[in-house]
Every structure is written in C-alpha cells, then in structure tokens.
1. In degrees between 0 and 90, to the nearest 10, how far off the longest principal axis of the chain does helix 323-348 point, with axes built from Cα atoms?
2. For the chain, set up a Gaussian network in which alpha carbons nearer than 10 Å are linked by springs, and say which option among 154, 25, 402 fluctuates the most.
3. Region 323-424: Rg/Rh from Cα coordinates, Kirkwood Rh?
4. Any chance you could give the angle, 0 to 90 degrees and rounded to 10, that helix 169-185 forms with the longest Cα principal axis of the chain?
5. Could you list 168, 42 so that the one with the fewest beta carbons within 10 Å of its beta carbon is first and the one with the most is last?
6. What number, in nm² with one decimal, is the all-direction average of the projected area of the convex hull of the alpha-carbon atoms of region 244-327?
7. Just 174, 281, 70 to compare: in a GNM of the chain, with alpha carbon springs under 10 Å, which one fluctuates most?
8. What angle do you read, to the nearest 10 degrees and between 0 and 90, between the alpha-carbon axis of helix 92-105 and the longest principal axis of the chain?
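None of the figures in this text is laboratory data; all of them are computed from the coordinates on show. Note that the structure is a prediction, hence the values are computed from the model and not measured. Neighbour counts are summed over all protein chains in view; Cβ atoms, including those assigned to glycine, are modelled from backbone coordinates with ideal geometry.
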C-alpha cells in the first residue's frame with residue numbers, strides 16, 4: 001500500500017498518467033468497431049455522399065481539374081485531402097482506418113483543451129465522454145467530411161489557446177494555416193472560423209493586437225492583395241457564374257424542399273411543422289429574401305422546432321407513462337442537465353470570457369443546423385460533439401464537487417453530534 005502511495009505521489013502531476021488510459025480506451029472502441037463491421041456481411045458503411053466524394057477523388061487523380069461549382073470550391077479542402085489519401089493508400093478501407101485512428105487520438109486534443117480552460121478532473125471526464133461517444137465512433141467509419149472536420153476544429157482551437165498563451169511564431173503560423181484550411185474544408189468551416197475569430201478579438205488586448213498586426217503586416221497585406229486579385233480576375237472573367245448558379249440552385253432546393261415542407265431534418269418526420277407557404281418572389285427579385293420575409297412567422301416556428309431537435313432524437317420519443325419510459329427519460333436527460341450545470345457554473349465562477357470558445361463553436365454548429373437542416377442521424381451536429389463533452393464534463397466535475405462538500409459537511413456534523421453525545 002505504501003509503494004502504491006509513493007508511485008502516486010511521484011507521478012500524479014504527469015499528464016500522460018491520466019491520458020494514456022483514455023487514449024487506449026478511445027482506440028479500443030474505435031478499432032474494435034472498425035474490424036467488426038469490416039468483416040461483417042455488410043462491410044464498411046456507405047452512403048450516397050460517400051460515393052460522390054470517392055468518385056470526385058478518383059476523377060481528380062485521373063484528370064486534376066477543380067471546377068467552380070459550389071461543391072468544388074466549398075469542399076475543396078476535404079476533396080484534396082481525400083484525393084491524396086486515395087492516391088497514396090488506394091483502398092477506401094485504409095483511408096477509413098486512418099480516419100478512425102485519427103479521430104480516436106483526438107481525445108488528446110479534447111484533454112489538453114479542457115485542461116487549459118478548466119482543470120484536470122474536468123479534462124478526464126470530458127475525454128471519457130468523448131472516447132465513449134457513439135457518434136464519434138460511428139461517423140469515423142464513413143468517407144465523409146464530418147469526422148476530419150471535427151478533428152480540424154479541435155486542432156484549430158488548441159492552437160488558438162496555445163498562441164494566446166505563448167505567442168510563439170511557429171504556433172501562430174500553424175494556427176493561421178489551420179484556419180485557412182477550415183475556410184475551404186467545408187461550408188461550416190467559414191461560420192465556425194468566424195465565431196473562433198470573435199473569441200480571438202475579445203481575448204486579445206489592443207496592444208497585443210497592434211503588435212501582431214505590425215509583426216505580420218506584410219504577410220497579411222500580401223494575402224489580402226492576392227485574394228483581391230484572384231476574386232477580381234474571376235469576377236471580371238465571369239468565372240464565378242457556375243458558383244453563383246449552383247448556390248442559387250441549392251438555395252432553391254433548401255427553401256422549396258426543406259423550408260416549404262417544414263422539415264426539421266433532411267427527410268420527413270412526424271414532428272415536422274406543416275404550413276402553407278407563400279411563394280411570391282417580389283422583394284428585390286430575390287428568391288431567398290422573398291420566401292423568408294413572406295413566411296417569417298412560419299420560419300421562426302420551424303427554427304424553434306429545430307432548436308429543440310438539436311438536443312437529440314429522444315425529445316420526440318419521451319414516454320413518462322411507464323417506469324421503463326421514466327428510466328429512459330432520466331438517462332436521456334443526464335447530458336442536458338450536465339450541460340446546463342456546466343454553463344451555469346462557468347458564468348457563476350466568472351470563467352465564461354476565458355472559456356467561451358467552447359460555447360462559440362457549439363453555437364456556430366447550432367446556427368448552421370438551424371438555418372439549413374439536421375441530418376436525421378445527427379451527422380451535422382458531430383463537430384460540436386467534443387465541445388459539448390467539455391461542457392458536460394465541467395458540469396459533472398461541479399456536481400461531484402458539490403456532492404463532496406455536502407458529504408463532508410454532513411459527516412462533520414455527524415461526528416460533532418456523536419462527540420457531543422458521548423461527552424455528556
């Protein structure tokens with residue numbers, strides 16, 4: 001017993017002691033599931049989107065030509081990474097293996113982000129939540145942009161926190177590179193990076209901001225001039241016409257097939273909001289503005305349902321009329337309760353300004369799902385998952401601390417009562 005205590009005292013401040021079991025747990029779950037489905041009758045999961053990405057990657061390998069359609073430009077980052085992986089490893093199952101291992105190892109990023117923002121106990125709990133998450137495991141098995149984008153966001157946030165702490169040139173450069181990749185990785189990246197930028201603005205004092213701008217003035221000005229020159233060339237040459245046309249077409253699809261039908265998800269459900277839309281297009285000749293303004297009340301109600309749906313499918317399947325239903329409802333409610341406790345505790349302890357990056361990332365994904373729609377399997381919610389785990393982890397840590405305080409107080413009073421009783 002004494003030997004165990006000595007070992008604990010010696011190594012208790014080494015982060016790898018706590019992180020190693022979490023990494024092994026995360027890898028075990030992901031790889032165990034990967035080999036299980038790989039050797040099953042159905043094999044690795046596939047979807048129409050996966051096939052599109054694979055076909056696009058093979059087309060790029062055969063004839064490297066990037067078009068100006070919406071899917072060419074807005075998913076350029078993921079398309080290029082997938083093309084590179086397919087070109088090197090050939091087989092899709094090898095690419096999925098690499099993606100699965102990378103996603104599992106991102107428990108390290110979750111741990112260190114949480115450690116910087118909160119404390120070690122919260123980091124351990126949040127990492128455990130991430131390592132045992134079903135969504136993390138299942139979506140790492142698909143050829144889709146979601147899993148790798150989640151990893152990219154985690155890396156970007158960790159680099160941001162390290163940059164604010166150390167201000168090392170290498171870390172700043174890596175943060176800028178990861179931010180640029182986010183811009184072209186997938187459409188969500190633009191919105192998420194904008195919210196990360198808000199955190200950066202709020203947490204940099206004026207003097208530091210001025211020094212950073214002064215130090216990187218030539219690269220910043222050069223990059224802006226390059227972007228301006230490229231945009232001007234493409235605009236004057238009418239090269240953006242395919243992009244604009246594809247954006248308008250997809251906006252029409254979303255409005256007339258998702259909004260007009262009151263869909264919460266990407267396909268019909270019994271919880272959709274049905275109404276009779278007004279299709280007049282008489283506001284500045286804009287299809288989007290006309291539809292949103294003429295149907296603003298219905299759109300707000302639809303957003304309200306999506307806000308509720310963001311919590312999870314269980315909100316539509318609540319059964320409190322039976323004991324088993326009540327038990328299931330209680331289990332489903334635990335993450336939401338922990339999230340609320342974590343949010344409240346952060347505000348109460350005056351930590352929100354420093355830790356707000358977690359909520360800003362979640363908010364960016366939430367807005368994206370609100371404005372467009374959610375995948376019925378909650379795929380589009382995936383990039384917010386690690387940050388939801390962090391908030392829930394802090395909620396669990398605060399709850400454990402509260403229980404310890406109450407227990408110690410009751411035990412102290414019980415001992416005091418016992419001592420007084422025998423002293424009489």
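1. That helix lies at roughly 90 degrees to the long axis.
2. 402
3. Working: Rg = 20.1 Å, Rh = 16.6 Å.
Expressed as Rg/Rh, it is 1.21.
4. 60
5. Values: 168 11, 42 7.
In increasing order of surrounding Cβ atoms, one gets 42, 168.
6. On the way: hull surface 27.2 nm².
Computed as one quarter of the Cα hull surface, the answer is 6.8 nm².
7. 281
8. Helix 92-105 sits at roughly 40 degrees to that axis.
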